[in-house]
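Here is the structure we will look at.
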Amino acid sequence: MQQQFTFEQIAFFARNGYLIVRGLADDETVSAIRSATLRDLKAEKQPLEYEAEVHYPGAPETLDAPGGHTVRRLKSVYGRDPCIDAWACGPEIGVRVRQLLGTETPMLLSNHHNSIMTKQPTFSSHTGWHQDVRYWNYMNPEFVNAWLALGHEEQANGGMLLIPGSHKMELSPERYDADKFLREDLMENRGLIEQAVLAELEAGDVLFFHANLFHMAGRNQTSKAKFALVFSYRDASNLPVPGTSSAVLADVAV
């Protein structure tokens, strides 16, 4: 495994807003993080988010409804287990984040992502086309996400779809709905969505993508749960806006 990105890979990311590295995490790392995930899911260890709390299509209507305690994500996972912390700030991620951000001082975001995302059978929800930065409050929207697949990801189990190059687009406000998802009923948005590509991943693969890139994930229509670990990174000079949700917890130097 090469220790850093090539010039061609960095150029691909700049142009398309994403890049996949196959097998970046070894089997031992994936196994340890999966074990920590299953342990905390079984215990419903807080903080976490239930599908019923987001009200996305396919989610249970309330916590008391059938499937109401289906977990969508474990939150604030940095600090939950040494194997997660070692991955989040380890050399496999750190070197590449430095390259993609063009900085020697990357920071891990504590208040956004910092999660283990799950797609459970039966009660998982559909997440529409969105940009992660829509609710983040920093000086500029330059962030790199690192999504570690903890198992196979395909469209059938809620694998991610991406619109290449969309991180550089500025769309008019009327192309979004009230929750800042792309309106799929608009012809101009449908043309954009038709350009989407699927990020099909195996355990240990890492999808690096710009937090301003449009992406979505459907429901898990299989019988097995899907898990992924996701962290986001910024340059240390890109400060959070005081008094906002981005400034509640201190970010972590990588």
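The values are calculated or read from the model by the stated rules, or taken from the named source; none is laboratory data. Predicted model, so just to flag it, every value in this text is computed and none were measured. Reconstructed Cβ throughout: ideal geometry from the backbone, glycine too, with neighbour counts over all protein chains shown.
Observations, loosely collected:
- Looking across region 55-79 at every residue that is surrounded by fewer than 19 Cβ atoms within 10 Å (Cβ to Cβ) and of a type in the set (D, E, K, R), the one that is nearest to Phe143 (Cα to Cα) is identified as Lys75.
- Yes/no for Tyr50 being buried (at least 19 other Cβ atoms within 10 Å of the Cβ), touching a Phe, Trp or Tyr at 6+ places or on another chain (Cβ under 6 Å) and at pLDDT 95 or above: no
- Scan region 150-181 for residues that are more than 17 Å from Phe12 (Cα to Cα), part of a loop (DSSP other than H, G, I, E, B) and touching a Gly at 6+ places or on another chain (Cβ under 9 Å) and the total you get is 7.
- Residues of region 6-37 that are out of contact with any Leu (no Cβ under 8 Å at 6 or more places or on another chain), surrounded by 13 or more Cβ atoms within 10 Å (Cβ to Cβ) and free of Cβ contacts under 8 Å to residues at least 60 places away in the same chain: Ala14, Ser31, Ala32, Ala36.
- Of all residues in region 82-93, none satisfies being assigned to a strand (DSSP E or B), within 14 Å of the chain's Cα centre (by Cα) and surrounded by 17 or more Cβ atoms within 10 Å (Cβ to Cβ).
- Screening Lys42 with (1) buried (at least 17 other Cβ atoms within 10 Å of the Cβ); (2) farther than 25 Å from Ala14 by Cβ gives one miss only, at (1).
- Criterion violated by Gly58 - all others in (1) of a type in the set (Gly, Ala, Ser); (2) modelled with pLDDT under 95; (3) not in a loop (DSSP other than H, G, I, E, B) satisfied: (3)
- Check on Ala203, touching a helix residue (DSSP H, G or I) at 6+ places or on another chain (Cβ under 9 Å) and under 20 Å from Tyr18 (Cβ atoms): yes
- Restricting Gln131, Gln99, Gln120 to those that are surrounded by 20 or more Cβ atoms within 10 Å (Cβ to Cβ) and within 20 Å of Gly17 (Cα to Cα) reduces the list to Gln131.
- Members of region 12-47 that are in contact with a helix residue (DSSP H, G or I) (Cβ under 8 Å, 6 or more places away or on another chain) and part of a strand (DSSP E or B): Leu19, Val21
One line per residue, one yes/no per condition, for (1) assigned to a strand (DSSP E or B); (2) aliphatic (A, V, I, L, M); (3) within 19 Å of Arg73 (Cβ to Cβ); (4) at pLDDT 95 or above:
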| position | (1), (2), (3), (4) |
| --- | --- |
| Gln195 | no, no, no, yes |
| Ala203 | no, yes, yes, yes |
| Leu207 | yes, yes, yes, yes |
| Asn238 | no, no, no, yes |
| Ala250 | no, yes, no, yes |
